[in-house]
């Protein structure tokens, strides 16, 4: 994290620890006295099963429910696909937090998915905040299947795969 406006795309398979990696970096930045802002999306589990996703405003510490599991089904190959119902009010609240996140030392946007990178919906303020480069570094969680689209938007970004 040496150049102003450095973007680090954090990517990997579902459940590999992308949010945990971000938490580790956030904790280190805060211990160093850096200004951390943005939104983290920790999973919510019940009896070891992921049933929801929350949104955590890293400046205020406020946590709100972002998505609830609608259904989970296996395809013909046995891969389980989860379907989520997003809370519109939390999306708007998180967008507001992202609108005011920069300038900062460390910006975190967890996670950009098809809504943002393919449909121009969801956390659009996260895209705008990253585009400002008004931070020393940004940790941007991006689904592995969308890394090419993210690199088209931010071609000088570094990619950090989590396994």
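Anything in region 7-35 that is assigned to a strand (DSSP E or B) and touching a helix residue (DSSP H, G or I) at 6+ places or on another chain (Cβ under 7 Å)? List them, or say none.
Within region 7-35, 7, 9, 10, 11 qualify.
Pairs needed: first member in region 19-33, at positive phi and without any contact (Cβ under 8 Å) to a residue 60 or more places away in the chain; second member anywhere, in a loop (DSSP other than H, G, I, E, B) and surrounded by 11 or more Cβ atoms within 10 Å (Cβ to Cβ); C-beta distance under 7 Å; at least 6 residues apart or different chains.
Qualifying pairs under 7 Å: none.
Any residue at all in region 65-80 that's surrounded by 17 or more Cβ atoms within 10 Å (Cβ to Cβ), at pLDDT 90 or above and under 22 Å from residue 133 (Cα atoms)?
no
Go through (1) assigned to a loop (DSSP other than H, G, I, E, B); (2) at pLDDT 95 or above and name the single condition residue 122 misses.
Among (1) assigned to a loop (DSSP other than H, G, I, E, B); (2) at pLDDT 95 or above, the lone unmet condition for residue 122 is (2).
The conditions are (1) in contact (Cβ under 8 Å) with a residue 12 or more places away in the chain; (2) farther than 16 Å from residue 5 by Cα; (3) in contact with a helix residue (DSSP H, G or I) (Cβ under 7 Å, 6 or more places away or on another chain), and residue 85 fails exactly one of them. Which is it?
(3)
Does residue 129 qualify as being assigned to a helix (DSSP H, G or I), under 15 Å from the mean Cα position of the chain (by Cα), free of Cβ contacts under 8 Å to residues at least 60 places away in the same chain and buried (at least 23 other Cβ atoms within 10 Å of the Cβ)?
No.
Being in contact with a helix residue (DSSP H, G or I) (Cβ under 8 Å, 6 or more places away or on another chain) and on the phi > 0 side of the Ramachandran plot narrows it down to one residue among 126, 122, 113; which is it?
122
The values are calculated or read from the model by the stated rules, or taken from the named source; none is laboratory data. As the structure is a prediction and not an experimental result, all values here were calculated from the model. Glycine also receives a Cβ, built like all others from the backbone with ideal geometry; neighbour counts cover every protein chain displayed.
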